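Note sheet for the following structure.
The values are calculated or read from the model by the stated rules, or taken from the named source; none is laboratory data. All figures in this text were calculated on a predicted structure; none of them were measured in a lab. Here the Cβ is made from the backbone with ideal geometry for all residues, glycine too, and neighbour counts use every protein chain on show.
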Amino acid sequence: MIEIDPARRAELAARLDVVRERIAQACASAGRSAEEVTLVVVTKFFPAADVAALVELGVTEVGENRHQEAEAKAAELAAVGIRPRWHFIGGLQSNKAGAVARYADVVESVDRAKLLAPLARGATREVEVLLQVSLDPPGSDHRSGVAPADLAALAEQAAATAGLRLRGLMAVAPLGEDPAAAFARLARIRADLLAVHPEATVLSAGMSGDLEHAVAHGATHVRVGSAVLGSRPAVK
Ligand SMILES: *Cc1c(COP(=O)(O)O)cnc(C)c1O
């Protein structure tokens, strides 16, 4: 059994309500239906008990960015019959990709072709993939994400990989740039992708601080951590 502290559960419930309301408001402002946007709660650094509480509160999708932590949490919860859909959203090494594909339902951070074969080999059922596109200015040494110019080639390879299902794009607004401008750029990149891959309808964009801008620019999934769970412990 996983013990859920009632006070913590109440705290998560209250924050979850606020985030759900923000999403509903953002959808209303954008003339979209609230059902068009799925909340992925990012539980990195927080214990499996928090995930269990969130699932009780109706959360169906959770995101993690570190393989070892994600694998351990997914196993601990599966052992007691708790199986949310796991989104892997972190930097991915090709030697870990196969292991990630064994528990992740969605791998959001695919940013190079080298990851595709190992992901497909590790997949025990069809794994959904999102291509992480960089919104950093061209020429900057962007941290993660495929450059927009290289996206079409990567999408073609992902779509052609058996065992993987190309679902769409993921992006993070660059620090220091107006998120509205970054997400407007993302919307154009997405339109180009959809013209060739009409099945790639998912757009994962927007976090605690900028989800409204992402919803305004077509996000179908928002990845929210601290606004639901509270601030994360400092990175060791
Ligand atoms: C941590 C993380 C988030 C959530 O960030 P918050 O600001 O806590 O909402 C979203 N996306 C990615 C890729 C992350 O690593």
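So is Q68 out of contact with any strand residue (DSSP E or B) (no Cβ under 7 Å at 6 or more places or on another chain) and within 16 Å of the ligand (Cβ to nearest atom) or not? Spell out how you get there, then give the answer.
Details: out of contact with any strand residue (DSSP E or B) (no Cβ under 7 Å at 6 or more places or on another chain): yes; within 16 Å of the ligand (Cβ to nearest atom): yes.
For Q68, the condition - out of contact with any strand residue (DSSP E or B) (no Cβ under 7 Å at 6 or more places or on another chain) and within 16 Å of the ligand (Cβ to nearest atom) - is met.
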Out of segment 182-191, which residues are farther than 17 Å from D150 by Cβ and surrounded by 14 or more Cβ atoms within 10 Å (Cβ to Cβ)? A182, F183, A184, A187
Kindly list, by first and then second residue, each pair from a residue in segment 21-40 that is basic (K, R) to a residue that is assigned to a loop (DSSP other than H, G, I, E, B), limited to pairs with Cβ atoms under 9 Å and residues at least 6 apart or on different chains. R32/G218
Can you find even one residue in segment 22-36 that is more than 30 Å from A216 (Cα to Cα) and within 16 Å of the ligand (Cβ to nearest atom)? no
On the given criteria, is L77 at pLDDT 95 or above, within 23 Å of H217 (Cα to Cα) and of a type outside the set (G, A, S)? no
Select, from K44, K73, the only residue that is within 16 Å of the ligand (Cβ to nearest atom), in a loop (DSSP other than H, G, I, E, B), of a type outside the set (G, A, S) and touching a residue at least 12 places away in the same chain (Cβ under 8 Å). K44
A careful count of residues in segment 216-236 that are away from the ligand (no atom under 14 Å from the Cβ) and either in contact with a helix residue (DSSP H, G or I) (Cβ under 8 Å, 6 or more places away or on another chain) or among the β-branched types (V, I, T) (or both) gives 4
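This table checks each residue for (1) assigned to a helix (DSSP H, G or I); (2) exposed (fewer than 15 other Cβ atoms within 10 Å of the Cβ).
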position: A14; (1), (2): yes, yes
position: D17; (1), (2): yes, yes
position: G31; (1), (2): no, yes
position: D50; (1), (2): yes, no
position: L54; (1), (2): yes, no
position: V62; (1), (2): no, no
Pairing a residue in segment 125-137 that is in contact (Cβ under 8 Å) with a residue 24 or more places away in the chain with any residue that is part of a loop (DSSP other than H, G, I, E, B) and of a type in the set (K, R), where Cβ atoms lie under 9 Å and the two sit 6 or more apart in sequence or on different chains, gives S134/R143; D136/R143
Let me confirm something: among L194, L131, L119, L166, which residue is surrounded by fewer than 22 Cβ atoms within 10 Å (Cβ to Cβ) and either part of a strand (DSSP E or B) or out of contact with any Gly (no Cβ under 6 Å at 6 or more places or on another chain) (or both)? L194
Does K96 satisfy being closer than 26 Å to P6 by Cβ, modelled with pLDDT of 95 or more and of a type outside the set (A, V, I, L, M, F, W, C)? no
Could you please tell me which pairs satisfy a Cβ distance under 8 Å, a separation of 6+ or placement on different chains, a first residue in segment 220-231 that is under 21 Å from L194 (Cα atoms), and a second residue that is of a type in the set (D, E, K, R) and more than 8 Å from the ligand (Cβ to nearest atom)? T220/E36; H221/E61
Is it the case that some residue within segment 94-104 is outside any helix (DSSP H, G or I) and more than 23 Å from L169 (Cα to Cα)? no
Search segment 102-116 for residues being away from the ligand (no atom under 15 Å from the Cβ) and farther than 16 Å from A159 by Cβ, and hand back the single one that is surrounded by the most Cβ atoms within 10 Å (Cβ to Cβ). Y103
Filter segment 171-215 for residues that are within 12 Å of the ligand (Cβ to nearest atom) and hydroxyl-bearing (S, T, Y); which is nearest to S109 (Cα to Cα)? S204
